[in-house]
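Values quoted throughout were computed directly from the atomic coordinates according to the rules given, and no laboratory measurement underlies them. From a predicted model like this one, the values you see are computed outputs, not experimental measurements. Reconstructed Cβ throughout: ideal geometry from the backbone, glycine too, with neighbour counts over all protein chains shown.
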Ligand SMILES: [Zn+2]
């Protein structure tokens with residue numbers, strides 16, 4: 001029977017173990033009111049955070065409420081363009097979708113005036129010379145290329161100030 | 001008063017880089033059948049199934065529990081899915097245990113898995129978002145800065161991470177189910193392996209594994225099985241926000257609160273002395289000294305000294321991860337359950353070559369996400 005022959009032929013090839021099925025997903029992102037303030041700030045080349053009315057902590061980016069107190073944050077705070085590297089790692093591993101050449105420095109940057117750090121790329125310094133406490137400044141894209149996205153910040157670079165004292169940022173680790 | 005609950009059956013697959021001999025359904029069924037056999041039960045004896053895995057985006061199968069129901073004998077029975085990132089294997093076991101301790105069910109099958117060869121976890125963990133820079137290079141990129149912070153804070157010498165990497169891989173040589181069996185591993189091999197996320201080298205990081213774990217939990221009046229039950233003496237979960245001012249990412253409060261709760265339930269006041277063996281989620285070498293402190297096995301800043309002294313080695317006074325741990329097998333969703341399962345094996349006396357003689361009280365711990373989910377249990381050979 002033809003069927004039997006087909007089955008035998010398929011059997012000779014062995015089972016199908018893996019099938020690659022690439023999937024694409026385009027999605028719309030709705031930032032909401034609080035993150036819009038931060039993103040609109042980036043569009044103007046500014047870091048905008050928010051202060052909690054209860055504990056006084058300044059969040060950047062703010063999500064519109066204080067995670068500790070559960071109250072809305074309403075007061076906008078413009079933060080400095082400079083900050084401190086609290087900690088970091090040097091990424092030397094390639095992965096799908098990577099947009100930055102390895103090795104690169106991935107640092108936690110605590111902007112002056114903020115009470116929480118965020119992740120930033122450090123450039124204009126060899127990867128083996130980055131230090132905890134290093135003072136850095138944001139380098140923005142050209143004004144005509146600013147968008148409401150962190151892509152507006154090209155990277156951070158050392159600004160030449162002496163390193164911050166460990167005691168001054170150890171509570172932010 | 002809550003009902004007593006015990007582990008009466010355990011099963012796990014051989015963890016490998018690529019299990020291309022089975023589908024996901026085949027993988028979970030393999031572990032589940034072993035757990036049922038160990039408990040001397042069949043599918044029909046099970047009242048409900050509780051399943052967990054890492055985020056669905058890893059393999060790209062949304063709500064896989066729906067299609068896995070037939071493979072796990074769960075058609076027509078209650079089936080629950082648990083989501084708590086890397087800690088999920090532990091949380092899944094706890095949800096199953098709650099179904100027993102609350103008196104709702106008598107016997108619950110709990111299963112956790114990951115098929116990393118079907119997935120791209122690095123990609124899934126590094127998807128670009130408009131409010132964050134596209135820098136995150138997988139879990140290692142997230143945890144490496146916090147490891148550096150621990151090194152600075154504690155003054156630990158850099159070789160401590162390598163010691164853990166060697167210790168857990170040597171332990172894995174005693175575990176036939178472990179993914180990595182690196183017979184000639186030593187400090188030099190770890191030191192010479194590629195730097196991935198400075199300060200973390202390749203051999204200080206967990207592998208990417210396919211695997212599943214399963215347990216049968218039962219109430220006191222439904223005990224069965226090949227080995228004595230592992231009684232649950234304490235269990236708890238805690239979580240905390242990923243971002244808040246003053247968050248201690250090296251020594252998260254959720255972890256401290258979780259262990260305090262579990263120890264109070266289990267009557268543990270001195271973990272190092274009272275716990276005989278522990279399986280703790282250490283996906284990157286430095287998390288051993290960090291969690292030694294977080295779990296109260298020593299004072300703050302002394303975790304690395306405990307590791308350095310050999311206390312956590314197989315022949316130490318508080319062996320950690322005698323199975324080889326997450327550093328030797330990482331089917332992500334199952335990795336947490338393996339910690340819970342391995343300590344049940346220890347107090348049941350069924351851990352084979354990696355059995356710690358006379359183990360009566362054991363701690364299993366899992367953490368996940370950006371160190372914001374914690375789950376733990378203490379199991380014992382004595383009825384609580
Ligand atoms: Zn507040």
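Which order, highest average first, do A:71-79, A:88-96 follow once you tally other Cβ atoms within 10 Å for each residue and take the mean per peptide?
Numbers: A:71-79: 14.9, A:88-96: 19.7.
Most protected by this proxy first, the peptides run A:88-96, A:71-79.
PRE reach from residue A:46 (point 7 Å along Cα→Cβ): which of the stretch A:80-106 fall under 13 Å by backbone N?
A:80-81
Using Cβ contacts closer than 10 Å as the measure, can you line up A:144, B:40, B:198, B:168 from fewest to most?
Going from least to most buried by this count: A:144, B:40, B:198, B:168.
Using Cα pairs under 8 angstrom and six or more residues apart, how large is the relative contact order of the stretch A:28-79, in percent?
Result for the stretch A:28-79 is 35 percent.
Sticking with the crude label model, points 7 Å out along Cα→Cβ, report the distance from residue B:17 to residue B:264 in nm, one decimal please.
4.7
Helix A:32-43 sits at what angle to the longest principal axis of chain A, using alpha carbons and giving 0 to 90 degrees rounded to 10?
The angle comes out at about 80 degrees.
Where does helix A:2-13 land angle-wise versus the long Cα axis of chain A, in degrees 0 to 90, nearest 10?
50
When the helix-only estimate is applied to chain B (DSSP H runs of n ≥ 4, each -39,500 (n - 2.57), divided by the residue count), what is the mean residue ellipticity at 222 nm, nearest 500 deg cm²/dmol?
Computed mean residue ellipticity for chain B: -10000 deg cm²/dmol.
Please work out the FRET efficiency for the pair residue A:65 and residue A:137, using the Cβ-Cβ distance as r and a Förster radius of 22 Å; give the result to the nearest 0.05.
Efficiency computed from Cβ-Cβ geometry: 0.15.
Report relative contact order for chain B in percent, whole number only (criteria: Cα-Cα under 8 Å, sequence separation at least 6).
26
Over all residues in B:121-132, what is the mean tally of Cβ atoms on other chains that come within 10 Å of each residue's Cβ?
5
Looking at chain B, what % of its DSSP beta bridges pair antiparallel, to the nearest 5?
Working: 39 of 54 bridges.
Roughly 70 percent of the beta bridges in chain B run antiparallel, per DSSP.
Please state the shape class of the protein assembly as shown: rounded when a/c is under 1.5, otherwise prolate if a/b exceeds b/c and oblate if not, all from the C-alpha gyration tensor.
Working: a/c = 1.70, a/b = 1.44, b/c = 1.18.
Prolate, because a/c is 1.5 or more and a/b exceeds b/c.
In whole Å, what is the distance between the alpha-carbon centres of the stretch A:45-112 and the stretch B:96-126?
The two parts, judged by their Cα centres, are 33 Å apart.
Relative contact order of the stretch B:308-384, please, whole-number percent, based on alpha carbon pairs below 8 angstrom and at least 6 residues apart.
Reported as a whole number, the value is 23 percent.
Please work out the Cα convex hull volume for the stretch A:28-79 and give it in Å³ per residue. Could you put the intermediate results ahead of the total?
Working: hull volume 3.4 nm³, N = 52.
Each residue corresponds to 66 Å³ of Cα convex hull volume.
Counting partner chain Cβ atoms within 10 Å of every residue's Cβ in B:198-205, what's the average?
Counting other chains' Cβ atoms within 10 Å and averaging over B:198-205 gives 3.
Identify which of B:197, B:231, B:286 has the largest mean-square fluctuation in a Gaussian network model of chain B, with springs joining Cα atoms closer than 10 Å.
Evaluated over chain B, the most mobile residue of the options is B:197.
At a Förster radius of 22 Å, what calculated FRET efficiency corresponds to the Cβ-Cβ distance of residue B:40 and residue B:315, to the nearest 0.05?
Working from the Cβ atoms, E equals 0.05.
So what are the three principal axis dimensions of chain B from its Cα atoms, in whole Å, longest to shortest?
Extents along the principal axes: 53, 46, 44 Å.
Between residue B:226 and residue A:27, what's the calculated FRET efficiency when r is the beta-carbon distance and R0 is 56 Å? Round to 0.05.
In this case the efficiency is close to 0.70.
Once you sort the root eigenvalues of the Cα gyration tensor of the stretch A:81-173 as a ≥ b ≥ c, which label holds: rounded (a/c under 1.5), prolate (a/b larger than b/c) or oblate (the other case)?
oblate
Count, for each residue of B:142-151, the Cβ atoms from other chains sitting within 10 Å of its Cβ, then give me the mean as a whole number.
That works out to 5 on average.
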